[in-house]
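A short write-up of the structure that comes next.
The values are calculated or read from the model by the stated rules, or taken from the named source; none is laboratory data. Computed from a predicted structure; not experimentally measured. Heavy atoms of the whole protein, side chains included, go into the accessibility calculation; ligands, DNA and RNA do not. Shrake-Rupley method; radii C 1.70, N 1.55, O 1.52, S 1.80 Å.
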Amino acid sequence: MSRQQHIVIWALLVALLVLALMVLSSVLLPFVAAMAVAYLLDPVADRLEARGMSRTIATSLITAVFFLLLVLLVLLLVPVLISQLTGFIGRLPGYIDSFRENLLPNLLELARDLGFPLRVDVKAALGQYGGEAAAVLSKLVGGLLGGGQAVLSLMSLLVVTPVVSFYLLRDWDGMVATVDQNLPRRQAELIRQQAHKIDGVLAGFVRGQMMVCLALGSFYGLGLSLVGLDFGLVIGLGAGMISFIPYVGTILGFVVSMAVALVQFWPDWPWIAAVGAVFAIGQFIEGNFLTPKLVGDRVGLHPVWIMFALFAGGALFGFVGMLIAVPVCAVIGVLARFTLERYRQSALYHGGEPPQDTPA
């Protein structure tokens with residue numbers, strides 16, 4: 001079989017995979033989530049198995065403990081988060097009115113002093129559209145929390161994901177061995193090398209970044225709550241949980257928390273500065289301790305590439321697309337570096353003649 005035929009076959013397989021994702025995206029969420037859980041927990045199962053525990057018992061124990069802790073976390077946090085979120089949405093019109101009456105005049109005066117007079121009536125615009133925006137946001141959040149599709153998705157995650165996770169985790173090594181046995185024999189070693197690099201990228205980013213997000217969310221939520229910021233828990237946890245999108249979580253959390261702090265604490269600047277300090281300390285801890293220790297420098301995924309992959313995956317396949325975006329991003333990154341390495345060893349790169357130490 002020629003190289004062109006190989007390329008056509010692989011292109012068709014990729015096209016079929018993308019088509020399947022587009023058609024089945026609405027039902028894939030619990031299965032993709034289960035695969036992610038199995039991948040995350042496989043090293044723990046391997047360690048228990050190495051100590052003499054059977055794979056089935058190890059899988060049962062790990063799965064039960066993981067989902068028990070997850071359910072306890074959901075039962076403890078979700079009611080508080082929903083209460084704070086709905087409370088924040090309900091008080092949003094009051095925040096807008098307070099900003100318009102107390103802070104906006106000072107900001108407009110500052111803009112005039114700096115030579116940037118605003119010709120648009122900002123007060124009138126906020127009064128006209130602020131309430132409408134808050135009402136739309138409240139309706140949207142209410143629909144997401146109470147909609148039938150949301151309930152169905154939650155039930156599928158709670159029921160289907162643990163079962164699928166158990167079977168995937170129990171049979172993980174067997175599935176990997178089956179895939180390995182069916183690799184093209186001539187390219188098997190090369191494929192194994194690239195798969196090992198992809199696994200290193202995923203282990204470094206997914207497992208490490210998950211720990212970073214949990215640590216940041218806990219720190220921001222606790223810090224903002226101790227400062228006394230209204231809805232500090234939901235703002236801090238939200239900022240930490242979306243920190244896997246580079247810079248977005250911190251920037252969004254900082255902007256929202258400072259806006260709430262300005263309305264709540266004005267004109268007590270020390271408390272406003274304390275809210276900013278929480279994010280400054282969080283960024284210092286992340287940049288100097290969390291990311292270097294938990295993620296490291298072996299990931300090789302540029303932040304812009306990660307952001308593009310997440311937004312592209314979400315636009316194409318919804319939440320499922322965001323879940324698979326980083327693994328796909330890692331695969332493409334490793335394969336792109338491999339292709340570039342081969343190109344630099346080729347006759348095309350060297351002007352028609354391959355380098356002397358490279359086979360023709």
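Values computed for the structure shown
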item: Hydrodynamic radius (Kirkwood) for region 300-354, which is based on Cα pairs only, to one decimal in Å; result: 12.5
item: For M241, solvent-accessible area (1.4 Å; no DNA, RNA or ligand), Å²; result: 80
item: Solvent accessible area, Å² - S26, 1.4 Å probe, full protein context; result: 90
item: D46 accessible area, 1.4 Å probe, all protein chains in place, Å² to nearest 10; result: 60
item: Between region 300-351 and region 266-294, the Cα center-to-center distance that results, in Å; result: 32
item: Calculated from backbone phi, Karplus (6.51, -1.76, 1.60) coupling profile of region 61-66 in Hz, x at Gly/Pro; result: 5, 5, 4, 5, 5, 4
